Amino acid sequence: MSEDRPGWARRMVEERAARGWSQMDAVRVMIAYLPPDVEMSEQDLLRQWKRWEAGEVGEPKKYKAQIARTFGTTTGAFFPERGRRDGRAEIVQVSGMDTIEIIARLRASDVDDATLDALRITADRLCCEYAYMPADQLLVEGRAWLGRVVGLQHQRVSLAQHRELIALAGKLSLLVGCVEYDSGQPRHAEATRQAALMLGEEAGERGVQGWAHEMRAWFALTRGDFRGVIAAAEAGIAVAPTESVAAQLYAQQAKAWARLGDRQQTEVALDKGRQLLERLPYPINIENHFVVDPAKYDFYRMDAYRKVGEDRLAEQLALEVIRASTDFDGEERAPMRIAEARVTLGVIAARDGDLDTALAFGEKALQGHRQSLPSLAMVAGDLGQVLQNRFGHATEAVEFVHHLRELRGGQ
């Protein structure tokens with residue numbers, strides 16, 4: 001089969017193989033999801049399916065959602081739209097101001113609409129840089145901009161401008177809190193999260209409130225408080241049921257249920273998140289950490305399937321996460337996702353009895369330049385446990401497990 005096939009055609013083959021399905025098996029699943037106005041027999045759809053997998057036809061625009069649903073993922077994940085915006089260039093393009101001029105205006109208390117636009121885009125740019133900017137650098141810059149925005153609340157501004165500033169402070173607080181937690185500062189992170197929640201409530205920003213609850217769920221997950229994850233997610237979904245953050249809250253629930261060993265509830269939570277993302281328009285800026293990229297749903301599913309022991313599905317999703325998170329020139333667009341995908345591949349290799357491959361993936365995951373220490377330590381703990389169980393007397397495995405303990409101790 002041609003290696004020049006588009007990514008979605010390659011993925012149809014890989015997803016099907018991971019489930020042990022024949023082409024007819026896949027067709028019988030998909031046909032149940034066809035719209036009522038589409039009349040197609042199994043044999044007709046099978047012929048079309050074969051052409052799709054071979055890459056002989058163009059993108060199946062009419063059937064994108066049904067193909068994605070067949071494999072339990074989102075349309076945006078199966079048929080991704082790529083491209084990273086240059087946030088700093090956009091600030092100048094939209095507002096006519098660079099960073100130096102924005103700061104000069106803030107010091108002069110010149111808060112007009114152009115300045116607010118520049119602040120809004122600056123906050124968006126920082127949230128986009130979360131994925132790859134070194135944590136210490138992002139923390140310094142995020143706190144600096146948060147301080148500037150908070151200081152403006154006491155200036156003479158209109159009611160609408162005041163509300164906008166509070167909302168911006170809430171978004172920046174979310175970012176700062178995430179980076180604090182990544183950096184091993186849980187107390188600071190929790191205080192910042194609570195501040196973001198209060199700012200979101202004051203500004204009436206449901207999205208900010210939802211993300212503050214999502215952070216609480218994330219904190220609980222990495223501490224092993226799985227019932228706390230479920231409770232935090234329920235609170236966030238109640239506040240922001242139609243915002244994209246709700247999809248991530250369902251994903252956090254799925255991770256918690258998977259760790260509690262409840263496969264049915266794991267699947268229910270994953271499907272609720274998938275359905276929500278399918279109803280929402282494709283995001284304008286998928287690089288923003290507080291915008292749920294539909295492709296990220298594969299990342300959530302990878303974690304859940306690794307925990308419930310669906311090794312072949314988790315493996316296929318891990319490879320897809322790495323592909324989707326890497327630019328054509330090899331640059332890692334989402335190094336933290338890639339690190340966890342590598343750990344997943346390491347876990348599966350260890351379960352398959354391949355110590356060398358397991359250690360190679362594990363060591364590469366821990367070498368990433370951008371890390372969320374609590375999340376990485378939690379996921380890497382799965383690899384450590386398998387290594388102890390399967391290779392407890394191997395020197396290399398003992399050394400790796402010791403490295404993991406140091407990582408956890410350094411949080």
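Summary of computed values
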{"quantity": "Gain in span if fully extended, Leu159 to Glu396, counting 0.36 nm per residue against the direct Cα distance", "calculated": "79.1 nm"}
{"quantity": "Difference of contour (0.36 nm per residue) and Cα-Cα distance, Ala114 to Glu14", "calculated": "31.1 nm"}
{"quantity": "Exposure proxy ranking, count of Cβ atoms within 10 Å, fewest first, for His393, His403", "calculated": "His393, His403"}
{"quantity": "Between helix 296-308 and the chain: long-axis angle, C-alpha atoms, 0 to 90°, nearest 10", "calculated": "60 degrees"}
{"quantity": "Anchor Lys255: aspartates and glutamates whose Cα lies under 12 Å away (excluding residues fewer than 8 positions away in-chain)", "calculated": "Asp225, Glu267, Asp303"}
{"quantity": "Which labelled figure in (i) 69, 60, 40; (ii) 66, 52, 45; (iii) 70, 50, 33 is Cα extents along the principal axes in Å, once derived from the coordinates", "calculated": "(i)"}
{"quantity": "Footprinting exposure proxy for Met336, Met24, Met302 (fewest neighbouring C-beta atoms within 10 Å first)", "calculated": "Met24, Met336, Met302"}
{"quantity": "Per residue, the convex hull volume that the Cα atoms of the stretch 309-411 enclose (Å³)", "calculated": "89 Å³"}
{"quantity": "Histogram of C-alpha separations across the stretch 227-326, 5 Å bin width, %", "calculated": "2, 14, 23, 25, 20, 12, 4, 0"}
{"quantity": "Cβ-based exposure ranking for Leu126, Leu116, in which fewest neighbours within 10 Å come first", "calculated": "Leu116, Leu126"}
{"quantity": "Distance violations [Cα-Cα > 28 Å] among Lys50/Lys307; Lys171/Lys296; Lys61/Lys364", "calculated": "Lys50/Lys307; Lys61/Lys364"}
{"quantity": "Helix 42-54 axis, angle to the chain major axis (alpha carbon atoms, nearest 10°)", "calculated": "70 degrees"}
{"quantity": "Contact order relative to length of the chain, as percent, for alpha carbon pairs under 8 angstrom and 6 or more apart", "calculated": "13 percent"}
{"quantity": "Whole-number percent relative contact order across the stretch 7-71, with pairs defined as alpha carbons under 8 Å at least 6 apart", "calculated": "43 percent"}
{"quantity": "In degrees, nearest ten, helix 373-391 long axis to first principal axis of the chain (Cα)", "calculated": "30 degrees"}
{"quantity": "Förster radius 45 Å - calculated FRET efficiency between Asp37 and Thr242 (Cβ-Cβ, nearest 0.05)", "calculated": "0.95"}
{"quantity": "Approximate shape of the stretch 237-388 as ellipsoid semi-axes (Cα gyration tensor, √5λ), whole Å, largest first", "calculated": "26, 19, 12"}
{"quantity": "Cα→Cβ-extended label distance, 7 Å offset, between Asp352 and Gln48, nm", "calculated": "3.4 nm"}
{"quantity": "Residue-by-residue Karplus 3J(HN,Hα) for the stretch 234-250, coefficients 6.51, -1.76, 1.60, Hz, glycine and proline x", "calculated": "4, 5, x, 5, 5, 7, 10, x, 10, 7, 4, 4, 4, 5, 6, 5, 4"}
{"quantity": "Alpha-carbon Rg with Dmax, taken over the stretch 7-71, Å", "calculated": "10.8, 31"}
{"quantity": "The stretch 239-306 versus the stretch 318-347: alpha-carbon centroid distance in Å", "calculated": "18 Å"}
{"quantity": "Two-decimal ratio, the stretch 166-264, of alpha-carbon radius of gyration to 2.2 N^0.38 Å", "calculated": "1.02"}
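Throughout, read-outs are computed from the coordinates displayed, never taken from laboratory work. Only a predicted model underlies this, so the values are computations on that prediction, with no experimental measurement involved. Heads up, the Cβs are rebuilt from the backbone with ideal geometry, glycines too, and the neighbour counts pull from every protein chain shown.
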